[in-house]
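Trainee: Got a structure for you, questions after.
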Amino acid sequence: MSNPQTFQIQEISAHPGPVPGQGTRREEEVCKYIDVTTCIGCKACEVACVEWNSHPFRETTFDNTYQTMPSTEWNYWNLIKFAEDERDGNLMWLMRKDQCMHCEDPGCLRACPADGAIIKYENGIVDFQQDNCIGCGYCISGCPFDIPKFNEKTKKVYKCTLCSDRVGQGLEPACIKACPTGCLHFGTKSDMVQIASSRAKQLREQSGFANAGVYDPASIKGTHVIYVLHDIKSPERYGLPANPTIPASYTVWKWLAKPTGLLMAGLGLLAVFFHRVSVGPKLPQPEEPLPVEPQPDTLEAKRKEQP
Amino acid sequence: MSTSVERFDERARRQADRVGSTTVRRGELLRHPVYTRVLHWLVAIAFVLSLLSGFALYSPWLFRFLTPIFGGGAMTRFLHPWFGLFFDIFFVFQFLNWFAPMAWTEADRRWLKRIKEYTTNKDKLERENVGFFNGGQKLYFWAIVLSGVLFLVTGLLMWFDHLMPRWIVAVSYVVHDLAGLLMLAGFIVHIYEGTAAMPGTFRAMTNGTVTQKWAWTHHPAWYRDVTGRDPRESYDRERRRQLERERAVERWEREQDAREPLSDDRVP
């Protein structure tokens, strides 16, 4: 969570009306590029993340792998995931730094019902504002990468901020700074895509990874954290979804069902009101006093009356 | 099952009548006993709270206006499932209390066919086979049963979302909202019919009584059951009595008019 004044906001969750100042400032899209082929699984980024964000050290879970714990946690935003894989009859040890992907089309933001609890900046960072979070957990089901995590004590949801507080001061995220092998890079989206593409090309042409490629899924309009993978054809091996999607129900629900529902409720109230005005109440019969013949009210009737 | 429910219901009614009471005056009929009235308002209060807090979460346009009522967004989120749970619990009792008279019958099918005449007030008197509840009331009741079940199931899935797969929770949001809209539609009509559309109805849920006139107009078969009189005959007799009274008043007025010049002469 950073001061929202630092960056220009592009999108605000569940916000009626326009975003203040939208489109008044030019901002370069930022991106983190992770080259999994040069990651050595040292977990320096995990430590840097915990340190910079002043998270308490938490218990680790040993499950016969090198992984610190099964998944990211509300106060553990950066996790190296270890996977054992087979390639040409040989073991391949895949290490991937798991964290928020900062999607261009964030499912968490789409699902969020609280005004201003999730904001997306022009530079692509998706940031949670815990002050506005109501702890409903909709974002958790909205995320295709299983990133937002609920804190039972504070009843709020937390996730990686892409160190928006550091980036706002012109610094790289803490994990980037800590990486000893240089497999983590940070810069503008276009630069990172270019570097990642040339690295993938190098892997394909010189290192014998014919399927190497850049993971920047188009199904959510790209992400602001991109990977170079040995095998782009099967990202599932690294624990990444091949086609991350936001449940279609969110689109139907938020942009169709909700406004339609409100409109129908409004029309229903109007209908009831005008029913009372025009048709009128249904009185116990016989009415008292009995209704008399209606008065003529048209011009024609009045003209007939006057000879 | 039904007999034990009836026995439970009977005991609850008797105990409620011992605490509260319903006064039936001349020309009135007992419509709802104390137990039913209390249950109705418990359900109603829980429903309105659920509706307001739910609408705050439902719509970004209402979030800012409705969450402060419950102490902010987080508090609204915390309270909403509890309001809903209370609504469902109270409604279970109302269901047991009412599911027998709410059974759908041939008369209700016919009532539904004449819904146009009903809403445009073409039928001043209900058809003779309309009993304690009419087809519309029964529809609303079963709509509440349906959406009450949907609310409970999807609500629990959303409450314990961390135990559920992602897509189930995502579908639950939509189903929960659709159930809410179904309820809201019924709710608007229910309040309107109970107050402005049919004068004399609201007191059935406050005093517990209605006038006999109201009964033979809106629920003729029920009127026949409780009084043993024919609703049409009662209506005709009342109409004749009214006409006679009007004629008598007219006659008296004419006599007054005829006498007036005399009284003018007497003024010194």
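The values are calculated or read from the model by the stated rules, or taken from the named source; none is laboratory data. Just so we're clear, the structure is a prediction, and the values are computed from it rather than from any experiment. Using ideal geometry, Cβ is built from the backbone for each residue, glycine included, and neighbour counts are taken over all protein chains shown.
Trainee: Just give me the residues in the stretch A:134-156 being more than 7 Å from chain B (Cβ to nearest Cβ) and closer than 18 Å to residue A:102 by Cβ, in sequence order.
Mentor: Answer for the stretch A:134-156, where residues must be more than 7 Å from chain B (Cβ to nearest Cβ) and closer than 18 Å to residue A:102 by Cβ: A:139, A:142, A:143, A:144, A:145, A:146, A:147, A:148, A:149.
Trainee: I would also like to ask the following. Report, by residue number, each residue of the stretch B:121-144 that is of a type in the set (S, T, N, Q) and closer than 10 Å to residue B:102 by Cβ.
Mentor: Quick first cut of the stretch B:121-144, residues of a type in the set (S, T, N, Q) only: B:121, B:129, B:134, B:137.
Matches in the stretch B:121-144: B:137 only.
Trainee: Looking at (1) touching a residue at least 24 places away in the same chain (Cβ under 8 Å); (2) within 17 Å of residue A:114 (Cα to Cα), which is the only condition residue B:63 fails?
Mentor: Going through (1) touching a residue at least 24 places away in the same chain (Cβ under 8 Å); (2) within 17 Å of residue A:114 (Cα to Cα) one by one, residue B:63 breaks only (1).
Trainee: Test residue A:195 against the stated conditions and say whether it is within 27 Å of the chain's Cα centre (by Cα), assigned to a strand (DSSP E or B), modelled with pLDDT of 95 or more and among the β-branched types (Val, Ile, Thr).
Mentor: Details: within 27 Å of the chain's Cα centre (by Cα): yes; assigned to a strand (DSSP E or B): no; modelled with pLDDT of 95 or more: yes; among the β-branched types (Val, Ile, Thr): yes.
Spelling it out, it is not the case that residue A:195 is within 27 Å of the chain's Cα centre (by Cα), assigned to a strand (DSSP E or B), modelled with pLDDT of 95 or more and among the β-branched types (Val, Ile, Thr).
Trainee: Ok, one more. In the stretch B:220-232, is there at least one residue being crowded, with 17+ Cβ neighbours inside 10 Å, touching a Phe, Trp or Tyr at 6+ places or on another chain (Cβ under 7 Å) and facing another protein chain (nearest Cβ under 7 Å)?
Mentor: Checked against the condition, which is being crowded, with 17+ Cβ neighbours inside 10 Å, touching a Phe, Trp or Tyr at 6+ places or on another chain (Cβ under 7 Å) and facing another protein chain (nearest Cβ under 7 Å), the stretch B:220-232 yields no hits at all.
Trainee: Considering only the stretch B:1-96, give the helices (runs of 4 or more DSSP H) lying wholly within it that have at least 2 residues that are among the β-branched types (Val, Ile, Thr).
Mentor: Values: elements: B:2-19, B:34-58, B:60-66.
Of the helices (runs of 4 or more DSSP H) lying wholly inside the stretch B:1-96, those with at least 2 residues that are among the β-branched types (Val, Ile, Thr) span B:2-19, B:34-58.
Trainee: Still on this structure, please answer the following. Can you tell me which of (1) within 22 Å of residue B:140 (Cα to Cα); (2) surrounded by fewer than 18 Cβ atoms within 10 Å (Cβ to Cβ) is the one residue B:46 doesn't meet?
Mentor: If we test residue B:46 against (1) within 22 Å of residue B:140 (Cα to Cα); (2) surrounded by fewer than 18 Cβ atoms within 10 Å (Cβ to Cβ), just (2) comes out false.
Conditions tested, residue by residue: (1) modelled with pLDDT of 90 or more; (2) assigned to a loop (DSSP other than H, G, I, E, B); (3) out of contact with any strand residue (DSSP E or B) (no Cβ under 7 Å at 6 or more places or on another chain); (4) on the phi > 0 side of the Ramachandran plot.
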residue: A:153; (1), (2), (3), (4): yes, yes, yes, no
residue: A:166; (1), (2), (3), (4): yes, no, yes, no
residue: A:172; (1), (2), (3), (4): yes, yes, no, no
residue: A:182; (1), (2), (3), (4): yes, yes, yes, yes
residue: A:214; (1), (2), (3), (4): yes, no, no, no
residue: A:219; (1), (2), (3), (4): yes, no, yes, no
residue: A:255; (1), (2), (3), (4): no, no, yes, no
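Trainee: Quick one: which residue in A:60, A:37, A:24 is among the polar types (S, T, N, Q) and surrounded by 12 or more Cβ atoms within 10 Å (Cβ to Cβ)? Explain how you work it out, then say what you get.
Mentor: Details: A:60 fails: surrounded by 12 or more Cβ atoms within 10 Å (Cβ to Cβ); A:24 fails: surrounded by 12 or more Cβ atoms within 10 Å (Cβ to Cβ).
Within the list A:60, A:37, A:24, the selection yields A:37.
Trainee: For residues that are in contact with a helix residue (DSSP H, G or I) (Cβ under 7 Å, 6 or more places away or on another chain), of a type in the set (Gly, Ala, Ser) and not in a loop (DSSP other than H, G, I, E, B), scanning just the stretch B:121-172, find the one that is nearest to the other protein chains (Cβ to nearest Cβ).
Mentor: That would be B:170.
Trainee: A follow-up question, please. Looking at the structure I just gave you, is residue A:68 modelled with pLDDT under 95, in a helix (DSSP H, G or I) and assigned by TED's automatic domain parsing to the domain that holds residue A:214?
Mentor: Details: modelled with pLDDT under 95: yes; in a helix (DSSP H, G or I): no; assigned by TED's automatic domain parsing to the domain that holds residue A:214: yes.
No, not satisfied.
Trainee: Contact list please: Cβ distance under 7 Å, first residue in the stretch B:4-17 and basic (Lys, Arg), second residue surrounded by 12 or more Cβ atoms within 10 Å (Cβ to Cβ), pairs at least six apart or on different chains.
Mentor: B:13/B:33; B:13/B:35
Trainee: Right, residue A:217: farther than 22 Å from residue A:40 by Cα and within 14 Å of chain B (Cβ to nearest Cβ) or not?
Mentor: no
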